[in-house]
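Engineer: A single structure is presented below for examination.
We did not get these values from a lab; they are worked out from the coordinates using the rules stated. Treat the numbers as computed from the prediction; the structure is a model and nothing was measured.
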Amino acid sequence: MDTHEDGWFGEEVAARYDDPADEANTPASIEPVVDALAGLAGGDPVLEFAIGTGRIALPLAARGVEVHGIEVSRAMVDQMRAKPGGRDLPVTIGDMATTRIEAGASFGLVFLVFNTIMNLTSQDAQVACFRNAASHLRPGGCFVVEVSVPDLQRLPPGETVHPFHVGPDRLGFDEYDLADQGMVSHHLCVHGDGTATRTSVPFRYAWPAELDLMARLAGMRLRHRWHDWSGAPFTAASRQHVSVWELPPDDPD
């Protein structure tokens, strides 16, 4: 992964990552994710790439699922360890494109949520991530990715910047590099004490068809593609997708 040790998620970001005002951290957003993942796991152990602060892993473990994690940011893991149950989940520090956990471990499910595949900012790194996921799966297991569809239709001709949030205390703009499928997400946040923070985080976007090809290169095939975690159909109007690729079962013959 082409970032420094904690990626873009050092102590300052990790400390505010679980902001309760963020819709992604509400039970209404988390519960459908946990429901879908628990169903796909089918009782098998699971591995979360970029486990972060345990936003999904901890409620999934509370369902009785055995959850392991890989995470590049020690600061994010420290936040998870401070939560109830956070010390019980085994986490390997490293990037999700190349890090292997203990030899011989295999899982029925590997998952990567909340656009995090785009934190790998080169095609090679994203391909490596798919291969790493496949290497952790038992035959018949699945790799699940939740990611947005590139929002290029919202760009006026000749423009490269799209505002995705404009409010009194937060501004957000995505800046696109159409030649290299790059995007930099710019955030300006004004806090209650009058201070402000500004961050710019690079991403690489990929279309669903490109992700399908990455899966095929890793020996997997598409099983499902949903609009969201409820299983609603993916359509041309969908601005995100949840895709499930399967490592084919062993041929009994």
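Engineer: How large is the direction-averaged shadow of the alpha-carbon convex hull of the range 72-158, in nm²?
Structural biologist: Details: hull surface 32.4 nm².
Across all orientations, the range 72-158 yields a mean hull projection of 8.1 nm².
Engineer: Now a separate question. Among the complete DSSP H segments of the chain, which ones combine at least 18 Å of alpha-carbon extent along their axis with a mean Kyte-Doolittle hydropathy of 1.0 or more? Could the numbers behind the result be given before it?
Structural biologist: Values: long enough: 27-41 (20 Å, 1.09); 123-136 (20 Å, -0.41).
Those that pass (Cα extent of 18 Å or more, hydropathy at least 1.0) are 27-41.
Engineer: Compute the Cα gyration tensor for the range 204-253, then decide on rounded, prolate or oblate, letting a ≥ b ≥ c be the square roots of its eigenvalues: rounded whenever a/c is under 1.5, prolate when a/b is larger than b/c in the other cases, and oblate in all that remain. Walk me through the intermediate numbers first.
Structural biologist: Numbers: a/c = 3.44, a/b = 1.62, b/c = 2.13.
Oblate shape, in that a/c is at least 1.5 and b/c is the bigger or equal ratio.
Engineer: Could you derive backbone 3J(HN,Hα) for the range 92-104 from the dihedral phi with the Karplus parameters 6.51, -1.76 and 1.60 (θ = phi - 60°), listing whole Hz in sequence and x where the residue is Gly or Pro?
Structural biologist: 9, 7, x, 7, 6, 7, 10, 7, 9, 8, 3, 4, x
Engineer: Over the range 132-213, one equal point on each Cα, no solvent: what is log10 I(q)/I(0) by the Debye formula at q = 0.19 Å⁻¹?
Structural biologist: Reported log10 I(q)/I(0), two decimals: -0.91.
Engineer: Here's another thing I want to ask about it. Which of rounded, prolate, oblate describes the range 19-107, given a ≥ b ≥ c as roots of the alpha-carbon gyration tensor eigenvalues and a/c under 1.5 marking rounded, otherwise prolate only if a/b is larger than b/c? List each step's numbers first, then the result.
Structural biologist: Values: a/c = 1.79, a/b = 1.17, b/c = 1.52.
Oblate is the answer for the range 19-107, as a/c is 1.5 or above yet b/c matches or exceeds a/b.
Engineer: How big is the range 104-253 in terms of Cα radius of gyration and Dmax, in angstroms?
Structural biologist: 17.9, 68
Engineer: Take the Cα atoms of the chain, build their convex hull, and give its volume per residue in Å³.
Structural biologist: Working: hull volume 35.2 nm³, N = 253.
Expressed per residue, the convex hull around the Cα atoms of the chain is 139 Å³.
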